[in-house]
Structures are given as C-alpha cells and as structure tokens.
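Heads up: the structure comes next, in structure tokens.
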Amino acid sequence: MALVNLDQVHKYYGDLHVLKGIDLKINKGEVVSVIGRSGSGKSTLLRCMNGLEQYQEGGIVVDGKEVTTEDIQVRQLAMSVGMIFQNFNLFPHMTVGENIMLAPTIVLKKPKYEAERIARAMLEKVGLGEKFDSYPEKLSGGQQQRVAIARALAMNPKVLLCDEITSALDPELVGEVLKVLEQLAKEGMTLILVTHEMNFARDVGNRVVFMHQGKVWEEGDSNTLLSNPQTDELKQFIGAVL
Amino acid sequence: MIEFSNYDILRNLLFATQWTILLSLAAFIGGSSVALTLTALRLTRNKVVHSLIRGYVELFQGTPLLMQMFLCFFGLSMLGYEISAWGAAILSLTFFTSAFLVEIWRGCIDTLPKGQWEASRCLGMSFLQILRYIILPQAIRVAVAPTVGFSVQVIKGTALASVIGFVELTKVGTMLNNATFEPFKVFTLVAIIYFLLCYPLSLYSKVLEKKFNGSR
C-alpha cells in the first residue's frame, strides 16, 4: 500500500467546494510537487493530509492511519508526518536548540540528552550546527526555515509536507533551503511540496500534480509533464510562471 | 468636638490606606484567579462555554461597579445571606476585575499567530502541552503591561467600597471631613495618596510595555 492514499476527497468551506474528489497515491521515497494557481486548493489538500483541515467526504490514509482532525489522531499522525510552513512558525521564545528538542522530549518522551543529541545532529544536517543557542529572531529567513526543517526531522517523520516553504524568502535565500530538500530527497525522504519552484520540481521531483479548480487536472512524471503539458490550463500555467 | 491636627489627619489617612491596599490586592488576586480559569475555559472550542463567558463579561463590564457592590451587599442580605461590607467589596471587585482581565488576556492570546498552534499540533503536542510550552509563555509577556496598567483601575475602584460602609481611604476621608469641615485639605491628601499608589504602577506598566515591545 502506498504511504499516502487519498480516495475521492471532498472539502467544502461552507458553500465553497474547494476539493472536488481528489485521488492520489504517493509511495515511499517519492518527491511530489503540487503546483497550480492560488485558490486551486493545493495548500488545502496538503493541510488535509495531516488533519489541520477537515475534509467532508472520501478518505485519507497516511502510513496506514486514517487521517481525521480528532486531536488524538492528529497527535498519532504527527509521528509519521512532518510539516513545514511558509512562515516558519518557529517558537520565538525558545532557542533554536529548544525549538527542536521540545517535541522529542514532551511528545516522544525521549530523555533530554537523547533529544539534544538528535537536535544537534539535525541542525548539523541543515548546515546550522553552530546556531544551537541562537534565538530565531537572530537568524535570516533561510536559516529559520532550515531550523523548521530540522525541527520536523527530529520527530523522524516518514513524510514531510512542505507548504510553499520558499515563498516568504528573499530570492537569494531560496537556494539554501532547496539544497536541504534536495539532500533529503537523495536520502530517500518522501516529500510532498506545494511550490512555485518549477526548476526544483523538474530537477529534484519525481512527479508533478497540477491542481486546477479543486481537481487534479493533470499529473505525471515531472520532466514529461512540464516539458509536454497536455491540457490548456497547464500550458497556460507553465507559460505564466516560467 | 475633638481637634484634629494635620498630623492626625495624615496618620488616620495612612492607616486607612492599608485597607485600600489590602482590598486592592484581594480583588486583584481574586479577579486574576477567576479570569485565569475563564481564559482557559474560553480556549476550549465549546460554544456554550463561550456564550456563558461572553455574558459574564458583558454583564460586569456593562453595569456600574457601584451597582454591583450594592447588589452584592444589600441584595445578598435581602436574600438572607449575611455578608460584611468587606466580603461584598471583595466579591464585587473580583467580578469586576475578572470581567476585564479575561478580555485583556484573550486579546493577548489572540495576538499570537495561528501558526504557533498549527506548528505545535503538527509536532504532536496535546492541547495542554501547547498551552503550557508555547502559548502561555508568549502570551504572558504580552499581558504583563496591560495587566499592571489595569491594576490602577482596581485601586481606584476600591474607593466605591466606602459607599457600602467599608472603612478604607475614601471612607476615612469623608469621616475626617465631617469632623474637621476642611474638605479641601482632607480630599487633596486623599487624592495625593491615591496618586502615589497608582502612578508608580502606570509608570511601571509603560516601562514593561517598552521592554517587551523592544525585544519582539
């Protein structure tokens, strides 16, 4: 069974039909880029996958667990699914080290020395080993986002959801974050990204999902899809962003 | 008729000031405890609880403190509950204080970005863990300045307890005025004492505001 399974997922905001029957299977180790215009439902789709948003019909199963917004389920799911946000969402009152150590300590109940070992290793991995004792506000946006990645990795997730994680960054800082993602992809991490970085989607991603009007409009191998789009909507979209 | 020297007036006023301070502290502690409970209840997504707290806040913010004191003092005794002026004053000031603090604190919690809750949830923390480790430490920093600022209102509010016969600074001021017929002197002194109690607090509140705004 695939790591992430979406079966005819529908979501409404009141009368607004945001997701109109999404079917999607994502296997372990895949790097899937979800692209589309704003309002096409791509962020909502991602947020349904870890219970941040409720869906009304269909089913989502991640790592063998049914996804709901029930508190207990979301917490269980957090063991398998990490999420990184556009605005980093680091905890500003804690140092970088404390940010990363918190969840392993209080959620996974790891002893402090173990949590610290993990935190240092993860920071090393994102190239910020020397920032353990810094406060987030002292870091650049790119560094903050790398800390957020390290924080998610410390929970040892099976899949990472990335919600436009380079959109709030200055252009010169985008590269350092994408490099970390590329490294993770090489190590076999399953990544699902909502992104506008077409080059990254083509070069690092295996698969592209193009969303339009709440549906998966077109999907397939990233190289093929981006160089040879089938639908007019995707052609237009690619024309607009490239 | 007894003669009151200036020294006597001041001595009596300062003695009464103790009761004003004590009543303020009691009201503040009582009000904070109630407000803390209500703030925590408000964070749960229960609609009934929300409306009840909403009603509580509207009721005590929307009626004069003096009426609340009258109702606590005379109303409760008419219902057969014997209550002292001291008890009625504390009770009504607790309602009053908590109704304002719960709003102030809710505002402080609401200023925190929604992303803080979401990120914490995604890391698998429980509601109580999120409150304890993420929300409260940040909200408290924001809340200290307006809370200290509001304590000034509590101190001034205690003056109303004189009307139901609680002997604190204002009450002793009225009594001294009746005995000396020197309202200008007596009430000027009373005002100065209130000012000396309140001004350092509002000053401190401003310092705190600057401090926390600067570091964020």
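The values are calculated or read from the model by the stated rules, or taken from the named source; none is laboratory data. Quick caveat, the model's predicted, so the values are computed rather than measured. Positions of Cβ are generated from backbone atoms using ideal geometry, with glycine treated the same way; all protein chains shown enter the neighbour counts. Note: accessible area is taken over every heavy atom of the protein model, side chains too, but ligands, DNA and RNA are not part of it. Shrake-Rupley method; radii C 1.70, N 1.55, O 1.52, S 1.80 Å.
Could you please let me know if residue A:146 is more than 10 Å from every other protein chain (Cβ to nearest Cβ), buried (at least 23 other Cβ atoms within 10 Å of the Cβ) and either closer than 18 Å to residue B:134 by Cβ or touching a residue at least 12 places away in the same chain (Cβ under 8 Å) (or both)? So residue A:146 passes the test.
If you go through region A:91-107 and keep only what is at the interface with another protein chain (Cβ under 8 Å from one of its Cβ atoms) and open to solvent by 10 Å² or more (accessible area, probe 1.4 Å), you end up with A:92, A:93, A:102, A:106, A:107. Of the residues making up region A:108-117, just one is assigned to a helix (DSSP H, G or I) and within 13 Å of chain B (Cβ to nearest Cβ), namely A:115. Scanning region B:22-51 for residues that are open to solvent by 60 Å² or more (accessible area, probe 1.4 Å) and among the basic types (Lys, Arg), we see that the one that is farthest from residue B:107 (Cα to Cα) is B:47.
Residues of region A:202-217 that are surrounded by fewer than 20 Cβ atoms within 10 Å (Cβ to Cβ) and out of contact with any helix residue (DSSP H, G or I) (no Cβ under 7 Å at 6 or more places or on another chain): A:203, A:213, A:215.
When the residues of region A:78-87 are narrowed to those that are surrounded by fewer than 23 Cβ atoms within 10 Å (Cβ to Cβ) and more than 8 Å from chain B (Cβ to nearest Cβ), which ends up farthest from residue A:194 (Cα to Cα)? By that ranking, first place goes to A:80. State yes or no: is residue A:123 under 29 Å from residue A:199 (Cα atoms) and part of a helix (DSSP H, G or I)? Spelling it out, residue A:123 is indeed under 29 Å from residue A:199 (Cα atoms) and part of a helix (DSSP H, G or I).
Only one of A:102, A:77, A:90, A:19 is aliphatic (A, V, I, L, M) and out of contact with any helix residue (DSSP H, G or I) (no Cβ under 8 Å at 6 or more places or on another chain); which? Being aliphatic (A, V, I, L, M) and out of contact with any helix residue (DSSP H, G or I) (no Cβ under 8 Å at 6 or more places or on another chain) holds for just one of A:102, A:77, A:90, A:19, which is A:77.
Please determine whether any residue of region B:58-68 is crowded, with 20+ Cβ neighbours inside 10 Å and in contact with a Gly (Cβ under 7 Å, 6 or more places away or on another chain). Yes, region B:58-68 has at least one match. Evaluating residue A:33 against the criteria (1) of a type in the set (Ser, Thr, Tyr); (2) within 15 Å of the chain's Cα centre (by Cα); (3) within 14 Å of chain B (Cβ to nearest Cβ) leaves one unmet condition, (3). Residue A:194 - would you say it is β-branched (Val, Ile, Thr), touching a Leu at 6+ places or on another chain (Cβ under 9 Å) and away from every other protein chain (no Cβ under 14 Å)? Taking the combined requirement at face value, the residue satisfies it.
Looking at region B:97-112, can you tell me whether even one residue there is out of contact with any helix residue (DSSP H, G or I) (no Cβ under 9 Å at 6 or more places or on another chain) and facing another protein chain (nearest Cβ under 10 Å)? The answer is no, given that none of the residues of region B:97-112 is out of contact with any helix residue (DSSP H, G or I) (no Cβ under 9 Å at 6 or more places or on another chain) and facing another protein chain (nearest Cβ under 10 Å).
All told, residue A:70 falls short of being in the same structural domain as residue A:149 (by TED's automatic domain parsing) and open to solvent by 20 Å² or more (accessible area, probe 1.4 Å). Considering region A:15-66, the qualifying strands (runs of 3 or more DSSP E), each wholly inside and each with 1 or more residues that are open to solvent by 30 Å² or more (accessible area, probe 1.4 Å), farther than 23 Å from residue A:201 by Cβ and of a type outside the set (Ser, Thr, Tyr), run over A:16-26, A:57-62. Residues in region B:149-162 that are without any contact (Cβ under 8 Å) to a residue 60 or more places away in the chain and not small (Gly, Ala, Ser) were compared, and the one that is farthest from the other protein chains (Cβ to nearest Cβ) is B:156. When the test is whether a residue is part of a helix (DSSP H, G or I), over 20 Å from residue A:6 (Cβ atoms) and aliphatic (A, V, I, L, M), residue A:201 does not pass it. Only a single criterion out of (1) touching a residue at least 60 places away in the same chain (Cβ under 8 Å); (2) polar (S, T, N, Q); (3) outside any helix (DSSP H, G or I) is not satisfied by residue B:63, namely (1).
Once region B:113-148 is narrowed to residues that are facing chain A (nearest Cβ under 9 Å) and among the polar types (S, T, N, Q), the residue that is farthest from residue A:102 (Cα to Cα) is B:138. Within region A:103-116, residues that are more than 17 Å from residue A:157 (Cβ to Cβ) have Cβ atoms under 8 Å from residues that are of a type in the set (Gly, Ala, Ser) in these pairs: A:116/A:97, counting only partners at least 6 apart in sequence or on another chain. Checked against the criterion of being outside any helix (DSSP H, G or I), closer than 18 Å to residue A:84 by Cβ and not small (Gly, Ala, Ser), the candidates A:184, A:169 yield just one match: A:169. I'd like to check something: does region B:23-40 contain any residue that is more than 19 Å from the chain's Cα centre (by Cα) and either more than 14 Å from chain A (Cβ to nearest Cβ) or not in a helix (DSSP H, G or I) (or both)? No, region B:23-40 contains no residue that is more than 19 Å from the chain's Cα centre (by Cα) and either more than 14 Å from chain A (Cβ to nearest Cβ) or not in a helix (DSSP H, G or I) (or both).
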